[in-house]
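*Asks:* First, the structure itself, so that you have it in front of you.
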Amino acid sequence: MISVNDFRTGLTIELEGQAYQVVEFQHVKPGKGAAFVRAKLKNVKTGSVVEKTFRAGEKVPKAHLDRREMQYLYNDGEGYICMDNQTYDQISVSAEAIGDGVKWLLENMNIQVLFFQGNIIGVELPNFVELEVVETEPGIKGDTATGATKNATLETGAVVQVPLFVEKGDKVKIDTRTGEYLERV
């Protein structure tokens, strides 16, 4: 059990048999009456966000998520096949569980697969990935004073904004949380 006073962003709690992640929270101490905590909670399975108010000091059960490091192998058309690094068991992870992270997945990449009560509820990708640029228009020499960017298609099919000096064949570092270009490697 965890007190709502100890809420922090990213904490996973259990409510009504479902796992919820704290997206936002606010401690409110009105001039009259008891203090309370207002929180935005994201259902880890469905992705829906609900707003809930708790009395200050109220206890809620902490959700026990099982994180397993797995290696992404390939997409078989129905799901993404991952292998457990310890038991070598292969499982299929749905595109819904991976979410937007699908566009950063490379074969043989290590990822964290999250389980809640034996069911896959999500996937955590590495914060940064290095991907090769497979298509981009040539940059115009001398047009760098404005900090201009151009579209670049990466080896996974994702399209990101990159500086004009990035060329086809370059490797670039991408932040998987925001989808932003960080640097050329």
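*Asks:* For the residue pair residue 184 and residue 45, what label-to-label distance in nm results when each label sits 7 Å from Cα along the Cα-to-beta-carbon direction?
*Replies:* 4.8 nm
*Asks:* Additional query: Calculate the translational D of the chain in whole µm² s⁻¹ from Stokes-Einstein, where the hydrodynamic radius comes from the Kirkwood formula applied to all Cα pairs, the temperature is 4 °C and the viscosity 1.567 mPa s.
*Replies:* Answer from the Stokes-Einstein relation: 67 µm²/s.
*Asks:* Tally Lys and Arg at +1 and Asp and Glu at -1 over the other residues with C-beta under 14 Å from the C-beta of residue 29: what net charge comes out?
*Replies:* +3
*Asks:* Please check the chain for the longest run free of GluC sites (Glu not before Pro) that are loop-located per DSSP (anything but H, G, I, E, B) and have at most 14 other Cβ atoms within 10 Å.
*Replies:* In short, 108-154.
*Asks:* Assigning unit charges at the beta carbon (Lys, Arg +1; Asp, Glu -1) and nothing else, what dipole magnitude in debye, to the nearest 20, does the range 63-185 show about its Cα centre?
*Replies:* 340 debye
*Asks:* Next up: Given points 7 Å out from each Cα along the Cα-Cβ axis, report the residue 71 to residue 132 separation in nanometres with one decimal.
*Replies:* Modelled inter-label distance: 2.0 nm.
*Asks:* Which of the chymotrypsin sites (Phe, Trp or Tyr not before Pro) found in the range 79-185 are in a DSSP loop and have at most 14 neighbouring Cβ atoms, other than their own, within 10 Å?
*Replies:* In loop regions of the range 79-185 (DSSP not H, G, I, E or B), the sparsely surrounded chymotrypsin sites (Phe, Trp or Tyr not before Pro) are 88, 165.
*Asks:* Using the Karplus equation 6.51 cos²θ - 1.76 cosθ + 1.60 (θ = phi - 60°), what ³J(HN,Hα) coupling, rounded to whole Hz, does each residue of the range 8-14 give in order, writing x for Gly and Pro?
*Replies:* 8, 4, x, 5, 10, 10, 10
*Asks:* Ignoring ligands, DNA and RNA, what percent of the 1.4 Å accessible area of the chain is carbon and sulfur?
*Replies:* Looking at the chain in its full context, I get 45 percent from C and S.
*Asks:* What FRET efficiency comes out for residue 107 versus residue 58 if R0 is 41 angstrom and r is the Cβ-Cβ distance? Round to the nearest 0.05.
*Replies:* Numbers: r = 46 Å, r/R0 = 1.12.
For R0 = 41 Å, the calculated efficiency reads 0.35.
*Asks:* Kindly state, to the nearest 0.05, the FRET efficiency for residue 84 paired with residue 173, given R0 = 25 Å and r defined as their beta-carbon distance.
*Replies:* E between residue 84 and residue 173, to the nearest 0.05, is 0.35.
*Asks:* Exposed loop sites here are trypsin sites (Lys or Arg not before Pro) in DSSP loop states with at most 14 other C-beta atoms within 10 Å. What is the longest stretch of the chain lacking them?
*Replies:* 33-140
*Asks:* Once Rh for the range 1-96 is found with the Kirkwood sum over Cα pairs, what is the Stokes-Einstein diffusion coefficient at 25 °C and 0.890 mPa s, in µm²/s? Spell out each step's value before the answer.
*Replies:* On the way: Rh = 15.6 Å.
The diffusion coefficient I find is 157 µm²/s.
*Asks:* How much accessible area per residue does the chain have, in Å², with a 1.4 Å probe?
*Replies:* Per residue, the chain has an accessible area of 60 Å².
*Asks:* What is the sum of charges around residue 88, taking Lys and Arg as +1, Asp and Glu as -1, for the other residues whose C-beta is under 13 Å from the C-beta of residue 88?
*Replies:* Every neighbour counted, the sum reads -2.
*Asks:* If Lys and Arg each add +1 and Asp and Glu each add -1, what is the summed charge of the other residues whose beta carbon sits under 12 Å from the beta carbon of residue 71?
*Replies:* -3
*Asks:* Follow-up. Beyond 20 Å between alpha-carbons counts as too far, so tell me which of 150/171; 32/59; 40/173 fall in that bin.
*Replies:* Details: 150/171 15 Å; 32/59 23 Å; 40/173 32 Å.
Check vs 20 Å cut-off fails for 32/59; 40/173.
*Asks:* Please list 3J(HN,Hα) in residue order for the range 97-103, calculated via the Karplus relation 6.51 cos²θ - 1.76 cosθ + 1.60 where θ = phi - 60°; whole Hz, with x for glycine and proline.
*Replies:* Result, ordered by residue: 5, 7, x, 5, x, 4, 6 Hz.
The values are calculated or read from the model by the stated rules, or taken from the named source; none is laboratory data. As the structure is a computational prediction, the values presented were derived from the model and not from experiment. Here the Cβ is made from the backbone with ideal geometry for all residues, glycine too, and neighbour counts use every protein chain on show. Remember, those area values only see protein heavy atoms, side chains included, never the ligands or the DNA or RNA. Shrake-Rupley method; radii C 1.70, N 1.55, O 1.52, S 1.80 Å.
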